[in-house]
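Colleague: Shown below is the structure under consideration.
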Amino acid sequence: QAQLAESGGGLVQSGGSLRLSCASSGSIFRINDMGWYRQAPGKQRELIASISAGGRTKYTDSMKGRVTISRHNGEKTVDLQMGNLKPEETAVYFCNAQIVTEWGATSNPFWGQGTQITVSS
């Protein structure tokens with residue numbers, strides 16, 4: 001099985017910056033799209049940013065200009081650099097990857113365990 005593990009969460013002041021990293025491991029033949037999501041208490045999980053295997057990126061409108069997603073295919077990692085964070089962006093942040101675990105198989109979504117980000121006012 002494949003696994004994802006996030007790192008880099010924590011407490012940050014309003015207006016501050018934070019960088020998250022996600023490392024993939026286990027049975028991986030190929031990784032297609034990778035992305036970052038967040039889920040605030042009482043709210044649905046929402047997509048923040050995604051990046052294809054070829055490097056094409058997409059961002060949610062609310063964070064455009066404040067966030068950059070990048071991936072390192074050789075290391076099977078994806079990072080998220082965020083700036084000017086707001087208290088309402090306090091949430092658990094999740095890494096997601098569409099992973100093909102063996103030749104000939106279809107891709108399936110895998111999730112990390114999540115990392116808490118708290119933005120203080």
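The values are calculated or read from the model by the stated rules, or taken from the named source; none is laboratory data. Please read all numbers here as calculations on a predicted model, not as lab measurements. Every residue, glycine among them, receives a Cβ derived from its backbone with ideal geometry; neighbour counts consider all protein chains shown. Calculation scope for accessible area: heavy atoms of the full protein, side chains included, ligands and nucleic acids excluded. Shrake-Rupley method; radii C 1.70, N 1.55, O 1.52, S 1.80 Å.
Colleague: Whats the longest run of the chain with zero GluC sites (Glu not before Pro) that are DSSP loop and have at most 14 other Cβ atoms within 10 Å?
Modeller: Values: sites that count: 75, 102.
Here the longest run is 1-74.
Colleague: So which chymotrypsin sites (Phe, Trp or Tyr not before Pro) in the range 73-118 are both in a DSSP loop and have at most 14 other Cβ atoms within 10 Å of their Cβ?
Modeller: The qualifying sites are 103.
Colleague: Which residues' amide hydrogens lie under 5 Å from the amide hydrogen of residue 48, considering only partners 5 or more residues apart or on another chain, with H built in the peptide plane?
Modeller: 36, 37, 38
Colleague: Okay, moving on. Can you give me the Rg/Rh ratio for the range 77-120, using Cα atoms for both radii and the Kirkwood formula for Rh?
Modeller: Values: Rg = 14.6 Å, Rh = 12.7 Å.
Radius of gyration relative to Kirkwood radius: 1.15.
Colleague: With every protein chain left in place, what is the accessible area of residue 79 in Å² (1.4 Å probe, nearest 10)?
Modeller: It works out to around 20 Å².
Colleague: Taking a cut-off of 20 Å between Cα atoms, list the lysines near residue 76, but don't count ones fewer than 8 places away on the same chain.
Modeller: 58
Colleague: Then there is this: How far, in nm, would the chain grow between residue 81 and residue 57 when pulled straight, counting 0.36 nm per residue and subtracting the alpha carbon separation? It would help to have the intermediate numbers written out before the result.
Modeller: Numbers: separation 24, 0.36 × 24 = 8.64 nm, distance 1.33 nm.
So the extension gain works out to 7.3 nm.
Colleague: Additional query: Given 0.36 nm per residue, what is the gain on full extension from residue 103 to residue 44 after removing their alpha carbon distance, in nm? Let's see the in-between values first.
Modeller: On the way: separation 59, 0.36 × 59 = 21.24 nm, distance 3.36 nm.
Fully extending the segment from residue 103 to residue 44 adds 17.9 nm.
Colleague: Mind listing the phi-derived Karplus ³J(HN,Hα) values for the range 85-101, rounded to whole Hz, using 6.51, -1.76 and 1.60 with θ = phi - 60°, and x for any glycine or proline?
Modeller: 5, 10, x, 6, 8, 4, 5, 8, 9, 10, 9, 9, 8, 8, 10, 9, 8
Colleague: Let me ask another. Give me the extension gain from residue 64 to residue 116: residue separation times 0.36 nm, minus the current Cα-Cα distance, reported in nm with one decimal.
Modeller: 16.6 nm
Colleague: Further, regarding this structure: Can you give me the % of accessible surface on the chain that is carbon or sulfur? Probe 1.4 Å, all protein chains present, nothing else counted.
Modeller: The nonpolar share, carbon plus sulfur, comes to 47 percent.
Colleague: Rolling a 1.4 angstrom probe over the protein heavy atoms, how many square angstrom per residue are accessible across the range 1-91?
Modeller: 54 Å²
Colleague: Okay, moving on. In the P(r) worked out for the chain, what percent of Cα pairs fall beyond 20 Å?
Modeller: On the way: 2811 of 7260 pairs.
The answer is 39 percent, as a whole percent.
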